[in-house]
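The values are calculated or read from the model by the stated rules, or taken from the named source; none is laboratory data. Predicted, not measured: the structure shown is a model, and the values here were computed from it. Positions of Cβ are generated from backbone atoms using ideal geometry, with glycine treated the same way; all protein chains shown enter the neighbour counts.
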Amino acid sequence: MAKICLCLTGKTLARDLEVVEKYRKYVDVVELRVDYLEPDERFLIRRFPEMAGLPVILTIRRDIDGGQFVGGEGARISLLSKGLAFADVNPRRNFAYVDLEEDLNVPSLEEAARTFGTRIIRSYHNINGMDPDLTGHLRGLLREGDELAKIAVMPHSLEEVVQVFKAAQETTDVDKILLCMGEFGASTRILAELLGSQISYTMVTGEPDLPIAAPGQFDPRELTERYRFRDISAKTRIFGITGYPLKATASPAFFNTVFALENSDAVYIPVPADSIRSFLHLAEVIGMAGVSVTVPHKEAILPYLAKRSAEVESIGACNTIVSDPSGWIGSNTDAPGFSDSLLEFIGKKNFKGKRITIVGAGGAARAVAAEVYRLAGKALILNRNPIRARDLATPYRFLWGGLDTHGINLIEKYSDIIIQTTSVGMEPDITSDPLALYTFKGHEVVMDVIYKPEMTAFLKRAAEAGCRVQNGYDMLLRQARYQYGHFMGAEFPPQLMSRMKM
């Protein structure tokens, strides 16, 4: 079973030990990153395994490999030697592993490690890109049969992550650690067991004095509790969410909490994807059962669907896909999630008599416009690109315009409800307001489909003017419950909501 390793990047051994105690129950192994220690502390590393009380990896990473060590190789070899010297007959007092890069050739170090049971991790790190032959490289790394091969690469696209999973499938007979760094690597860290990777590296977050050892690492608590890392096996059903960028999503918390409460052998993972084609390639390779699709892929997914629900056909956007022997089946749960949420908020059964402004013309706006039309409302569509606004508005005979002075003036007659459907105002650009030219009067009901931050600049301005405001969190939960029905083939258990703590 894959193990969780906590990377220790404190300046002192005492600080590293504090971190070990705080996260002990979440991890199986710790990695002492000697390259982060202050110079005087580096001479005291030999006693660390006994003090930590957990298996420890001894690592002194060079700057060319993404580490902090800038001294000469002689000094680094001397430190490694000090860590392995005076080995104890009790293996718990020795380092359990030592990380030696593939180009480090010091037979005396290797002999010292093997004599007292310290396993050698033979590693290769590419902090700038990918290796052209991962399969061959993994097989060629090992010098002896008792070593553990480690390759960590930095993919620049999701298609490169696909190659990592394929390499894993071609090296099932190799003892290895295989992972992707950076934004595209999340799936390799959560699905280490699927990769046949023996260790997944984690890092404490939210501690300013503890630098991140490698980009893309999860917090060990998050990996253990949210993603139930230790329960993942070859039989675990894999669900997830894809979009790009994918920086703010509560969907993993929602679905993984549900799966835990009902004891389902399933996991829901984030998969940032720069292209929908690459995502579907990865989904096929790892066998994903169902996926939530978010911006900018809600329309791009359409040509790849074997079957489309009536809602997808009419809306022209899809946010839910489920794997089927015939291919991917697409549905849209944004539409009912939106209308259920907003109608309850305003205490109505439909939008009859309401004149509504919809800001945006993307996938979310398509779902909103379709529901406003279905439920007897009248709407104005405003978008930065007025041609897209026109294309969305025309089938419903809605008014349309750009986000310019003329378009803003049209809001006066469509101001009962104003709905913001774009990504403007999301992190990290939380100060942006897509409707900055409009002055709220105070009578408008204002909804923003964004839920993080809880109050966007757009909503804050509306609330300060006296408007009733609602963010997109309730809509998210409602559409997620509909997605659950598509994923699991059963209605969402309503009794679970009261037990959920997200």
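Remark: pairs (first residue in region 277-296, over 19 Å from G316 (Cβ atoms); second residue surrounded by fewer than 19 Cβ atoms within 10 Å (Cβ to Cβ) and among the charged types (D, E, K, R); Cβ separation under 7 Å; 6+ apart in sequence or on different chains) = S278/E159; H281/E159; V285/K166; A289/R237.
Sub-6 Å Cβ pairs linking a first residue in region 115-144 that is farther than 21 Å from I57 by Cβ and among the small types (G, A, S) to a second residue that is surrounded by 13 or more Cβ atoms within 10 Å (Cβ to Cβ) and at pLDDT below 95, at least 6 apart or interchain, number zero.
Tell me yes or no: at least one residue of region 304-319 is of a type in the set (A, V, I, L, M), in the same structural domain as Y482 (by TED's automatic domain parsing) and within 20 Å of the chain's Cα centre (by Cα).
If we filter region 304-319 for residues that are of a type in the set (A, V, I, L, M), which is where we start, we get 305-306, 310, 312, 315, 317.
From the residues that got through so far, the ones that are in the same structural domain as Y482 (by TED's automatic domain parsing) too are 305-306, 310, 312, 315, 317.
Remaining after also requiring within 20 Å of the chain's Cα centre (by Cα): none.
No, region 304-319 has no match at all.
Sub-6 Å Cβ pairs linking a first residue in region 305-319 that is charged (D, E, K, R) to a second residue that is at pLDDT 95 or above and assigned to a strand (DSSP E or B), at least 6 apart or interchain, are K307/I329; R308/G330, ordered by first then second residue. From I4, I77, I57, which residue is assigned to a helix (DSSP H, G or I), of a type in the set (A, V, I, L, M) and closer than 21 Å to L148 by Cα? Going through I4, I77, I57 in turn, just one is assigned to a helix (DSSP H, G or I), of a type in the set (A, V, I, L, M) and closer than 21 Å to L148 by Cα: I77.
When M488 is tested against the conditions (1) out of contact with any His (no Cβ under 9 Å at 6 or more places or on another chain); (2) outside the structural domain of V258 (by TED's automatic domain parsing); (3) surrounded by 20 or more Cβ atoms within 10 Å (Cβ to Cβ), the lone failure is (2).
Within region 21-34, the presence of at least one residue that is crowded, with 22+ Cβ neighbours inside 10 Å and either out of contact with any helix residue (DSSP H, G or I) (no Cβ under 8 Å at 6 or more places or on another chain) or over 30 Å from T224 (Cβ atoms) (or both) is confirmed.
A quick yes/no check of all residues on (1) in contact (Cβ under 8 Å) with a residue 24 or more places away in the chain; (2) under 21 Å from K460 (Cα atoms):
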residue: G327; (1), (2): no, no
residue: I346; (1), (2): yes, yes
residue: F351; (1), (2): yes, no
residue: I358; (1), (2): yes, yes
residue: A370; (1), (2): yes, no
residue: P386; (1), (2): no, no
residue: A389; (1), (2): yes, no
residue: D416; (1), (2): yes, yes
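To keep it simple, each residue is scored yes or no on (1) in the same structural domain as L261 (by TED's automatic domain parsing); (2) over 30 Å from E38 (Cβ atoms); (3) surrounded by fewer than 23 Cβ atoms within 10 Å (Cβ to Cβ).
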position: T172; (1), (2), (3): no, yes, yes
position: C180; (1), (2), (3): no, yes, no
position: A192; (1), (2), (3): no, yes, no
position: V204; (1), (2), (3): no, no, yes
position: L210; (1), (2), (3): no, no, yes
position: E222; (1), (2), (3): no, no, yes
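Would you please name the residue that is nearest to Q198 (Cα to Cα), looking only at residues in region 85-105 that are in a loop (DSSP other than H, G, I, E, B) and in contact with a Gly (Cβ under 9 Å, 6 or more places away or on another chain)?
Filtering region 85-105 for residues in a loop (DSSP other than H, G, I, E, B) gives 85-90, 94-96, 102-105.
From the residues that got through so far, the ones that are in contact with a Gly (Cβ under 9 Å, 6 or more places away or on another chain) too are 87, 94-96, 102.
Numbers: A87: 25, N94: 20, F95: 17, A96: 14, E102: 18 Å.
Out of the qualifying residues, it is A96.
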